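The values are calculated or read from the model by the stated rules, or taken from the named source; none is laboratory data. Because the structure is predicted, anything quoted here is derived from the model rather than measured. Note that we place each Cβ from the backbone using ideal geometry, even for glycine, and neighbour counts take in every protein chain shown.
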Amino acid sequence: MARLVLVPAVLVVLLGCLVAAGPVRHGGRLSAGGVAFAGVAATPPMGWNSWNSYGCGVDAGAVEQEADALVASGMRDAGYRYVVVDDCWFYPRRASDGALQADPGRFPAGMAALAEYVHARGLRFGLYESPNARTCAQIGGTYPGSTGSAGHEAQDAATFAAWGVDFLKYDWCSTDSALPEQVAAFTRMRDALRATGRPIVYSINPNSDVAEPPPGAEYDWSGIATMWRTTNDAYPGWALRQGLTGHQGIREILDTTGPLTARTGPDHWLDPDMLVVGVTGVPGTRYPGLTRAEQRTQFGMWALLAAPLIAGNAPAYMDKATASLLTNPDVIAVDQDSFAAPATVVPGTAGRVWRRTMSDGSVVVALWNPGDADARIETVLSAVRPPAANRCVARNLWTGTTFALDTTLGATVPAHDTELFRITP
Ligand code: GLA
C-alpha cells in the first residue's frame, strides 16, 4: 500500500541564509487532457535547426557537416541533441502513392539515411512540415510545389516514424487564422503522430502568415504540442523599427513571451523561436546580427524563461566566443532545471529585474537592460533571495565569479545586455 510520508516542518532548519530546501518539481498549468506526448521533453528541447543559416539551400552535406560540428564543438555534450531540417527538404511533388519524398538532388540518399547518420552520432533527427496545403517557402514563392500535410496527416506521420524522425516542426503557413481550424489541424497531426507509437517532439508554430496578435501567445497550446511558438520569427536584431511583419527582434519577443511563463512545464514549453546567437547578419540593414551584449540577453533570458534552445547559427563555422556562449554550462543548467517556478518580474524594477526559483531552492536573477544606454539596475535582496535567506552568495553566470550579498543586488548593465546571477544561501 502506498504511504504518504509527511516531513515535519521543524526539520527545515533556517539558520541565517541557510535553507534546507528539498527538490521542487512542478510546472505550469496544463490543459485538462494533459500533455500532448508524455516523456519526450522533461526539460526544454535543445538542438540545431537549418533554417536561419541555410534556408532553402539546405542539403545532406550541410546537415551532416553541422551534425559533426555539434559533436566536435561540444554542443552535443552540452545538451544540443536535435538536428532539425527545416523547410524545403522535400521534392515539390508527392509520389504516385501520395508519399512525401526527399529532394533527390540535395538529399540523394533520402531522409532515412540522413536520420541514420545523425543517430550514429548520438543525436536525434527532426523534419519540417505544414498542416496546410503549402509550406511557408511554398506560400512565399521561394520554393515550388504544394506538399503540405493537409489531408495526408496519417500517411506523413507514418513516413516520419519509418524514417526515424524524433522531432516534427509543424508550421501553420496560411493567412486563414480561425482558431478552431488551427486547433483542429494541429490536433490532427498530434493524433497521427501518437498513432505511430514513436516518441516525437511535436513543435508547432501557429503564427506564420497570420495577422497579429499571434495565436501562439493568445492561446494555451499545452495539450496539443510539446512546444509552441509564441511569436513570429526571431530576426537577428534587437527591435523591429520598420514594422516588418512576420519577424520580431529579441526585445519584442521577450515583451510578448515573458508574461506567459506560467503556461510552461515538462512536455509543454513556450517557444520564443530559435537562438539567433551567431547568425550572421548584414550590417546596415534590418538584419544587423546581434551584438555580444544582445547575444547574452537572448541566451540568458531564453534560459531564464525555460525556453527550448534551438541554435540557428552554423556551428561548423562559428567563432570561439559564440561556441563558448552557446555551451555555457551554468546558463544551460538554468534552462534545463526541472522548472520549479515560472520566471517573474520583480515588482518595482520597471521590468528590468526577473527572478526564477530553481529546483534546489536557489534563485536565478536577471538584470536586463532594454535601454539604449548603460544603466544601473538593482533590486533589494529581500525581493529576490531564496525564502527566509538573509545573507547569500551570488554567482555571476557569465564570469563564474562569486560574491557575498548584503541588502541589494545590482550592477551597471551595458545597453541591451543582461547580467545573470544564481543566488544561494
Ligand atoms: C516560417 C517559420 C520559420 C521557418 C520558415 C520556413 O517563417 O516561422 O521558422 O520554418 O517558415 O519557411
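Within the range 365-392, can you find the residues that are of a type in the set (Val, Ile, Thr) and out of contact with any Phe, Trp or Tyr (no Cβ under 7 Å at 6 or more places or on another chain)?
Applying the first criterion (of a type in the set (Val, Ile, Thr)) to the range 365-392 yields 365, 377, 379-380, 384.
Across the range 365-392, the qualifying residues are 377, 379, 380, 384.
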Inset, instruction - Please specify each residue of the range 38-57 satisfying the condition of being away from the ligand (no atom under 16 Å from the Cβ) and in contact with a helix residue (DSSP H, G or I) (Cβ under 7 Å, 6 or more places away or on another chain). - result: 44
Inset, instruction - May I ask you to verify whether residue 10 is away from the ligand (no atom under 16 Å from the Cβ), modelled with pLDDT under 95 and part of a helix (DSSP H, G or I)? - result: yes
Inset, instruction - Among the numbered conditions (1) assigned to a loop (DSSP other than H, G, I, E, B); (2) at pLDDT below 95, tell me where residue 54 comes up short. - result: (1)
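With 133, 60, 115, 109 as the choices, which residue is within 16 Å of the ligand (Cβ to nearest atom) and of a type in the set (Gly, Ala, Ser)? Write out each step before concluding.
Numbers: 60 fails: within 16 Å of the ligand (Cβ to nearest atom); 115 fails: within 16 Å of the ligand (Cβ to nearest atom); 109 fails: within 16 Å of the ligand (Cβ to nearest atom).
One residue alone meets the criteria, 133.
Residues that are in contact with a Leu (Cβ under 7 Å, 6 or more places away or on another chain) and farther than 16 Å from residue 261 by Cβ: does the range 338-356 have at least one? Step through it out loud before you land on a result.
Taking the range 338-356 first, the residues in contact with a Leu (Cβ under 7 Å, 6 or more places away or on another chain) are 343, 352-354, 356.
Subset that is farther than 16 Å from residue 261 by Cβ: 352.
Checked against the condition, which is being in contact with a Leu (Cβ under 7 Å, 6 or more places away or on another chain) and farther than 16 Å from residue 261 by Cβ, the range 338-356 yields at least one hit.
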Inset, instruction - Look through 67, 109, 99, 133 and report the one residue that is in a helix (DSSP H, G or I) and of a type in the set (A, V, I, L, M). - result: 67
Legend entry - Residue that is nearest to the ligand (Cβ to nearest atom) [pool: residues in the range 217-230 that are without any contact (Cβ under 8 Å) to a residue 60 or more places away in the chain and surrounded by fewer than 24 Cβ atoms within 10 Å (Cβ to Cβ)]: 217
Inset, instruction - Return yes or no: is residue 307 within 16 Å of the ligand (Cβ to nearest atom) and under 30 Å from residue 387 (Cα atoms)? - result: yes
Inset, instruction - Examine the range 162-175 for a residue that is touching a helix residue (DSSP H, G or I) at 6+ places or on another chain (Cβ under 8 Å), in the same structural domain as residue 265 (by the TED database), of a type in the set (Gly, Ala, Ser) and without any contact (Cβ under 8 Å) to a residue 40 or more places away in the chain, and state whether such a residue exists. - result: no
Inset, instruction - Give the residues of the range 316-331 that are over 12 Å from residue 364 (Cα atoms), aliphatic (A, V, I, L, M) and part of a helix (DSSP H, G or I), sorted by residue number. - result: 316, 321, 323, 325, 326
Inset, instruction - Collect the residues in the range 189-213 that are more than 16 Å from the ligand (Cβ to nearest atom) and not in a loop (DSSP other than H, G, I, E, B), keeping them in residue-number order. - result: 190, 191, 192, 193, 194, 195, 196
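Which ones in the range 387-413 are basic (Lys, Arg) and either assigned by the TED database to the domain that holds residue 293 or outside any strand (DSSP E or B) (or both)? Reasoning before the result, please.
Let us first name the residues in the range 387-413 that are basic (Lys, Arg), namely 391, 395.
Within the range 387-413, 391 is the sole residue that qualifies.
Which residue, of 130, 96, 146, is assigned by the TED database to the domain that holds residue 193 and surrounded by 22 or more Cβ atoms within 10 Å (Cβ to Cβ)? Can you show your working first?
Working: 96 fails: surrounded by 22 or more Cβ atoms within 10 Å (Cβ to Cβ); 146 fails: surrounded by 22 or more Cβ atoms within 10 Å (Cβ to Cβ).
Exactly one of 130, 96, 146 is assigned by the TED database to the domain that holds residue 193 and surrounded by 22 or more Cβ atoms within 10 Å (Cβ to Cβ), namely 130.
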